[in-house]
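The values are calculated or read from the model by the stated rules, or taken from the named source; none is laboratory data. No experiment lies behind these values; they were computed from the predicted model shown. Cβ: placed from backbone, ideal geometry, glycine included. Neighbour counts: every protein chain shown. Protein only, heavy atoms only, side chains kept; ligands, DNA and RNA dropped before computing areas. Shrake-Rupley method; radii C 1.70, N 1.55, O 1.52, S 1.80 Å.
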Amino acid sequence: MVQSPSHNNPADHLPEHLQMIDDPASGALGVIALHSTALGPAAGGCRFWHYASDQDALNDAIRLARGMSYKNALAGLPFGGGKAVLQRPAGAFDRKALFTAFAEAVEALGGQYVTAEDVGTSVEDMEVVASHTRHVAGLTRRAGRAGGDPSPWTALGIFKSMQAAASHALGRDLDQLTVAVQGTGNVGAHLCSLLHEAGARLIVADIDPARARAVAEAHGAQVVSVDEIVSVGADVFSPCALGAGLNAQTIPLLKAALVCGGANNQLATPEDGDALFQRGIAYAPDYVVNAGGIINVSAEYLGETVEQVQARIDTIPARVEQILQQAARDKRPSHAIADSMAREVIAAAQQRVPA
Ligand code: NAD
């Protein structure tokens, strides 16, 4: 289940614009939420999912769009935050017709929204979208240009963040640490490869035993069950599975002194960020750490090079360190510091926009 990212300001929920999509001929039904365009076009993927109600879909789009605003702002990208949510039809449907109707809604926004893949959508869907609008990324990679699978870039940003956070919070390098990685999918497996190369000891778990085994064989990791991974004796816990893994049940079990991983929306509620802080566990905020993927997607849209992607990812660890330093200095949880910083970046851009 998708959870809300942490926030303190209810007014901050409100998107700038909601574009409703309702095309009975194709079955396309949903919404594009533009949370903020202060920094640039609202960028964020298209989720294709079954929701219990239209209201649930709308709420999810609004929450996810705000999350993208924060992520893009702190990644230093020239993009605001948006998200599209489409209801997956219950019966048979024509996928091409549905994504054509979605593409027309994206095109109608005239470049205010840039879409890409998210849960439930694929490169093929985005190729359909691309035949009707140019405001789309996540397409088949072209030679010499950024693009393609974002997971290795996401993993690289997490790896660099973990190096910086471990040095700040634990005073140690990765070759002196044990890292527990929850989820060895696209991001988790790439991360394990980088950690292994850096000399870290690895403990891994995945609900798909074959995936965990593959990482164990490639990188000498110890495999534990999905129930054990949270409480194993590790210095760092790295959530790389689904959201809301840090909650009232799991936080008391953690033995790690640092949490740094790629999953989106790791905190089930903002109070869970407070609980980590009270336990003295350093938390590298998820959307700061995992921005490598959107950095790669944005570079594709902007026609940038791989070197430009690399350069932006290189700025992530300093930001993580700054957030952890400020959290320690102000005695405030790091998730709240990150949210405040993101809001400041967006507010400053809003002030620069002529009325
Ligand atoms: P993925 O589906 O390839 O990998 C997720 C893995 O987690 C799978 O192997 C799955 O079996 C495993 N898993 C699910 N529930 C689990 C559990 N309870 N315990 C242990 N393992 C479990 O997805 P991914 O692309 O690697 O993304 C991982 C996370 O990172 C997601 O939360 C995603 O939203 C986030 N993220 C991904 C990217 C990216 O570039 N792919 C970018 C930013 C954020």
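Go through region 168-214 residue by residue and tally those that are touching a residue at least 60 places away in the same chain (Cβ under 8 Å) and open to solvent by 30 Å² or more (accessible area, probe 1.4 Å).
Just the residues of region 168-214 that are touching a residue at least 60 places away in the same chain (Cβ under 8 Å), to begin with: 168-170, 172, 180-183, 187-188, 191.
Now drop any that are not open to solvent by 30 Å² or more (accessible area, probe 1.4 Å), which leaves 168-170, 172, 182, 187.
So the count comes out to 6.
Looking across region 251-269, just one residue is open to solvent by 30 Å² or more (accessible area, probe 1.4 Å), closer than 15 Å to H335 by Cα and away from the ligand (no atom under 16 Å from the Cβ), and that is T269. For region 137-168, the candidate set comprises residues that are β-branched (V, I, T) and within 14 Å of the ligand (Cβ to nearest atom); within that set, the residue that is modelled with the lowest pLDDT is T154.
Does region 42-90 hold any residues that are of a type in the set (A, V, I, L, M) and in a strand (DSSP E or B), and which are they? Outline the logic, then answer.
Pass one, region 42-90, residues of a type in the set (A, V, I, L, M): 42-43, 52, 57-58, 61-62, 64-65, 68, 73-75, 77, 84-86, 90.
A42, A43, A84, V85, L86, listed by residue number.
Of the residues making up region 107-164, those that are of a type in the set (S, T, N, Q) and either surrounded by 19 or more Cβ atoms within 10 Å (Cβ to Cβ) or closer than 22 Å to G303 by Cβ (or both) are Q112, T115, T121, S131, T133, T140, S151, T154, S161, Q163. When region 203-223 is examined, which residues are found to be among the hydrophobic types (A, V, I, L, M, F, W, C) and either outside any strand (DSSP E or B) or away from the ligand (no atom under 14 Å from the Cβ) (or both)? Of everything in region 203-223, those that are among the hydrophobic types (A, V, I, L, M, F, W, C) and either outside any strand (DSSP E or B) or away from the ligand (no atom under 14 Å from the Cβ) (or both) turn out to be I207, A210, A212, A214, V215, A216, A218, A221.
In this structure, does D235 turn out to be open to solvent by 30 Å² or more (accessible area, probe 1.4 Å), in contact with a Ser or Thr (Cβ under 9 Å, 6 or more places away or on another chain) and over 22 Å from A165 (Cβ atoms)?
Values: open to solvent by 30 Å² or more (accessible area, probe 1.4 Å): yes; in contact with a Ser or Thr (Cβ under 9 Å, 6 or more places away or on another chain): yes; over 22 Å from A165 (Cβ atoms): no.
No, not satisfied.
When the residues of region 173-186 are filtered to those that are in contact with a helix residue (DSSP H, G or I) (Cβ under 8 Å, 6 or more places away or on another chain) and within 16 Å of the ligand (Cβ to nearest atom), which remaining residue is farthest from L242 (Cα to Cα)? Walk me through it before giving the result.
We begin by selecting, within region 173-186, every residue in contact with a helix residue (DSSP H, G or I) (Cβ under 8 Å, 6 or more places away or on another chain); these are 173-174, 177, 179, 181-182, 184-186.
Going one step further and asking which of them are within 16 Å of the ligand (Cβ to nearest atom), we end up with 179, 181-182, 184-186.
Working: V179: 18, V181: 12, Q182: 9, T184: 11, G185: 11, N186: 12 Å.
Residue satisfying both the conditions and the ranking: V179.
Just one of the numbered conditions (1) more than 16 Å from the ligand (Cβ to nearest atom); (2) at pLDDT 95 or above; (3) surrounded by 18 or more Cβ atoms within 10 Å (Cβ to Cβ); (4) charged (D, E, K, R) is not true of R319: (1).
Conditions tested, residue by residue: (1) outside any loop (DSSP other than H, G, I, E, B); (2) aliphatic (A, V, I, L, M); (3) without any contact (Cβ under 8 Å) to a residue 40 or more places away in the chain; (4) within 19 Å of L18 (Cα to Cα).
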residue: A92; (1), (2), (3), (4): no, yes, yes, no
residue: A97; (1), (2), (3), (4): yes, yes, no, no
residue: A103; (1), (2), (3), (4): yes, yes, yes, yes
residue: E107; (1), (2), (3), (4): yes, no, yes, yes
residue: G110; (1), (2), (3), (4): no, no, yes, yes
residue: G120; (1), (2), (3), (4): no, no, no, no
residue: V128; (1), (2), (3), (4): yes, yes, yes, no
residue: H132; (1), (2), (3), (4): no, no, yes, no
residue: G138; (1), (2), (3), (4): no, no, no, no
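For A189, the conditions (1) within 8 Å of the ligand (Cβ to nearest atom); (2) of a type in the set (A, V, I, L, M, F, W, C); (3) assigned to a strand (DSSP E or B) all hold with the exception of (3). Taking first residues from region 334-348 that are closer than 18 Å to A38 by Cα and open to solvent by 10 Å² or more (accessible area, probe 1.4 Å) and partners that are at pLDDT below 95 and in a helix (DSSP H, G or I), the Cβ contacts under 7 Å between residues at least 6 apart in sequence or on separate chains come to R343/D12.
Here T37 fits the description: hydroxyl-bearing (S, T, Y), open to solvent by 10 Å² or more (accessible area, probe 1.4 Å) and at pLDDT 95 or above.
For region 284-305, filtering for residues that are within 16 Å of the ligand (Cβ to nearest atom), out of contact with any Cys (no Cβ under 7 Å at 6 or more places or on another chain) and open to solvent by less than 40 Å² (accessible area, probe 1.4 Å) leaves 15.
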